[in-house]
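For reference, the structure discussed in these notes is given below.
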Amino acid sequence: MTRPASVPKGLSDNSADVPPALRRRGHYWPALTGPLLALALIAVMALSLGFGARDVGWSDISGGLQGLNDTLGQAVVQMRIPRTVLAVLAGAALGMSGAVMQGVTRNPLADPGILGVNAGAAMAVVIAVAWFDMQSLNGFLWVASFGAAGAACFVYGVGSLGRGGATPLKLALAGAATSVALGSLSAAIILPRADVAGGIQVWQIGGVGGATFDAIRPMLPFLGAGFVVSLLSARSLNMLALGDEAAAAMGERVQVARVMAALGAVLLCGAATAICGPIGFVGLVVPHACRLMAGVDHRMLLPLSALGGAVLLTLADVAGRLVARPAELEAGVITAFVGAPVFIAIVRRKRIRDL
């Protein structure tokens, strides 16, 4: 079967069918990207354990793991290990959800933060805390997932209005407007509640500080379901990249595929936001970097985006601890510094292409 005329250059449901020109330019290194990201993740996890307000050696860490009478080592085990695990899980969730959203919308600007999904999850949690005095982590996870889903549906519906349907620019504008509106509503809700305002405002910055295994455990089923659904949607995302008409002609149920993939992204984003707060730009930066290195096949792009997201968020957390010692910056602040220039570059590049 010949490739439909609407297939964008370099896109295919077969990872072997990548234009030789991309390989020659060094844009297609699938065999190396996975091992390199795995090694990078091991390295940043080691940095996360060893560096912070006070640097510790491996002997201290080993003593804490063995339960020896080492106050510093025990503090590292009790505080830095859960923090590192949360950064890895949340980064992986945000990286993969960003790749899925970009595939579902065929929008290079798609990201849980830019499309308003993070803001929807955050506002749902704010309402649950301020109006219903919710304290349960399981409750936060469910509420955040529903809030993320509601925001995603709203943004996609608004972006689909008018001529041309859900174009990348319209989705980005709708998402940005929704994020600002929901952020303002969240602020209006918590301002009269002085008893909860401080904690919510710190949470809204986005970070992994104060993580515990008790907080991580409830999010694992949501993350597990989100990872499985997203990975099972990889082939469908490859079909959607060809365009709706071409995907339908090849036997793909377009709307079902889009809903299932979006469900996986919402579960991942909602769980990460419920525990860590709204962390932006991880889902934007990581899929683009992985796509440049390993190609456009979602069967490889999704797991690589998970690895890359884990690396980026863990590294951002380490950087936040080092640049302001003995205080620290939340990881969400660091990812914003990294992601904002990348977002501007992507917008400028797309605008030039559209001229």
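Read the figures in this text as sums done on the coordinates, not as results from a lab. None of these values were measured; they are calculated from a predicted model. Backbone-built Cβ (ideal geometry, glycine too); neighbour counts: all protein chains shown.
Just a few scattered comments:
- Among the trypsin sites (Lys or Arg not before Pro) found in the stretch 146-254, those both in a DSSP coil and sparsely packed, with 11 or fewer other Cβ atoms within 10 Å of their Cβ, are Arg163.
- A protection proxy built from the mean count of other Cβ atoms within 10 Å ranks the segments 145-151, 176-182, most packed first, as 145-151, 176-182.
- Centre-to-centre separation between the Cα atoms of the stretch 217-239 and those of the stretch 161-190: 25 Å.
- Neighbourhood net charge (15 Å Cβ-Cβ; Lys/Arg +1, Asp/Glu -1) for Asn118: -2
- Counted residue by residue at 0.36 nm each, then reduced by the alpha carbon distance between them, the extension gain from Leu220 to Asp195 reaches 6.0 nm.
- Using R0 = 56 Å, the C-beta based FRET efficiency linking Ser160 and Ala327 works out to 0.80.
- Less than 5 angstrom separates the built amide H of Val208 from those of Ala331, all sequence-distant by 5 or more or on a different chain.
- Phi angles across the stretch 174-190 convert, under the Karplus curve 6.51 cos²θ - 1.76 cosθ + 1.60 with θ = phi - 60°, into 3J(HN,Hα) values of 4, x, 5, 5, 5, 4, 5, 5, 5, x, 5, 5, 4, 5, 5, 6, 8 Hz, Gly and Pro given as x.
- Calculated from the alpha-carbon coordinates, the stretch 130-284 shows an Rg and a Dmax of 17.6, 57 Å respectively.
- Cα-Cα separations in the stretch 89-221 greater than 27 Å, expressed as whole percent: 23
- Cα-only Debye scattering, the stretch 261-308: base-10 log of I(q)/I(0) at q = 0.14, 0.22, 0.32 Å⁻¹: -0.37, -0.83, -1.17
- Met250 versus Val228: modelled label distance in nm, points set 7 Å from Cα along the beta carbon direction: 2.7
- Remark: the stretch 288-293, residue by residue, has Karplus-estimated 3J(HN,Hα) of 5, 5, 5, 5, 5, 8 Hz, where x stands for each Gly or Pro and the curve is 6.51 cos²θ - 1.76 cosθ + 1.60 at θ = phi - 60°.
- Euclidean distance between Cα centres, the stretch 242-266 to the stretch 97-145, Å: 22
- Residues in the stretch 84-101 carry Karplus couplings, in order, of 5, 4, 5, 4, 5, 5, 5, x, 4, 5, 5, x, 5, 5, x, 4, 5, 5 Hz; the curve used is 6.51 cos²θ - 1.76 cosθ + 1.60 with θ = phi - 60°, and Gly or Pro positions show x.
- Efficiency of FRET between Trp131 and Met79 - r from beta-carbon atoms, R0 41 angstrom, step 0.05: 0.80
- P(r) weight above 20 Å for the stretch 257-341, C-alpha pairs, percent: 40
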